[in-house]
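The values are calculated or read from the model by the stated rules, or taken from the named source; none is laboratory data. Everything quoted here is computed from the prediction, not taken from an experiment. Here the Cβ positions follow ideal geometry from the backbone for every residue, glycine too, while neighbour counts run over all protein chains shown.
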Amino acid sequence: MPEPPTLVRRGRPLRIGVAAAVLLAVVGYVALQYVYGGKPEPRCTVVSGKGDGASYTFTAEQARNAATVAAAGTSRGMPERAVTIALATALQESGLRNIAHGDRDSLGLFQQRPSQGWGDERQIMDPAYSAGRFYEHLAEVPGYSRLPLTVAAQRVQRSGFPQAYAKHEPDAALLAAALTGRAPAAFSCEGRPDTDPGGPAQVRAALVRDFGREVRP
């Protein structure tokens, strides 16, 4: 039997937990509002909440995509382990960049192929859609949260290099902990004083898009 998604309980604890995840995801959305225009791209850092000094630094583009992947999982009630698997997969397949090329007709964050029924090109190049499709397939893998990450990811992706996912697990776990709200204040992005990161309406629209209208700050 496919492993069921984590049950979502109603009430104040749920609202607090979701609010934490939303606030953390905002960091990723705001980062991509910067006008790059030849200037160095802003960098983001996620730090381990365990106090072990582990950290991962990446670009604002990667931060935006990581936040979208995490939001897609959170909105479906998927556990943190599922988000870790998805992020590790996207790190391997595209470096968390929404690329319009790949092996044969592979596209996007997860290098999904239109010819294999993942969707059309426009859909696959939408990070929220492609992440959602990944989670749909992952949820059908029996006991995925108890499997080694490489095995769970491979059962969705059917890659020619399944062991390659393993090297991304530590970074993906750091990102998942921060973006699902388990490790608050572990995710930060640098800013530019001379540019406008975008108004709250833009951020709110992005959050509604990925989390759904029922979850809004």
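Do we have any residue at all in segment 143-151 that's touching a residue at least 12 places away in the same chain (Cβ under 8 Å), within 18 Å of Thr68 (Cβ to Cβ) and in a helix (DSSP H, G or I)? Within segment 143-151, not a single residue is touching a residue at least 12 places away in the same chain (Cβ under 8 Å), within 18 Å of Thr68 (Cβ to Cβ) and in a helix (DSSP H, G or I). With the requirement that a residue be touching a Leu at 6+ places or on another chain (Cβ under 6 Å) and either surrounded by 23 or more Cβ atoms within 10 Å (Cβ to Cβ) or in a helix (DSSP H, G or I) (or both), what does segment 44-66 give you? If the condition is that a residue be touching a Leu at 6+ places or on another chain (Cβ under 6 Å) and either surrounded by 23 or more Cβ atoms within 10 Å (Cβ to Cβ) or in a helix (DSSP H, G or I) (or both), then Val46, Ala60, Gln62, Arg64, Asn65, Ala66 are the ones that fit.
Look at segment 55-69 and say how many of its residues are of a type in the set (Val, Ile, Thr) and without any contact (Cβ under 8 Å) to a residue 60 or more places away in the chain.
Going residue by residue through segment 55-69, those that are of a type in the set (Val, Ile, Thr) are 57, 59, 68-69.
This time we only want the ones that are without any contact (Cβ under 8 Å) to a residue 60 or more places away in the chain, so: 57, 59.
Looking only at that region, the number is 2.
For the condition modelled with pLDDT of 95 or more and under 22 Å from Thr84 (Cβ atoms), what is the one hit in Leu207, Leu149?
Numbers: Leu207 fails: modelled with pLDDT of 95 or more.
It is Leu149.
Quick one: how many residues across segment 89-117 are of a type outside the set (Asp, Glu), outside any helix (DSSP H, G or I) and surrounded by fewer than 22 Cβ atoms within 10 Å (Cβ to Cβ)?
Filtering segment 89-117 down to residues of a type outside the set (Asp, Glu) leaves 89-92, 94-102, 104, 106-117.
Then keep just the ones that are outside any helix (DSSP H, G or I); that gives 95-102, 104, 106-113, 117.
The next check asks that each one be surrounded by fewer than 22 Cβ atoms within 10 Å (Cβ to Cβ); those that pass are 95, 97-102, 104, 106, 113, 117.
Counting residues in segment 89-117 that are of a type outside the set (Asp, Glu), outside any helix (DSSP H, G or I) and surrounded by fewer than 22 Cβ atoms within 10 Å (Cβ to Cβ) gives 11.
Can you pull out every residue in segment 118-129 that is part of a helix (DSSP H, G or I) and among the aliphatic types (A, V, I, L, M)? Within segment 118-129, Ile124, Ala128 qualify. Against the list (1) in contact with a Leu (Cβ under 6 Å, 6 or more places away or on another chain); (2) more than 14 Å from Tyr165 (Cβ to Cβ), the condition Ser94 fails is (2).
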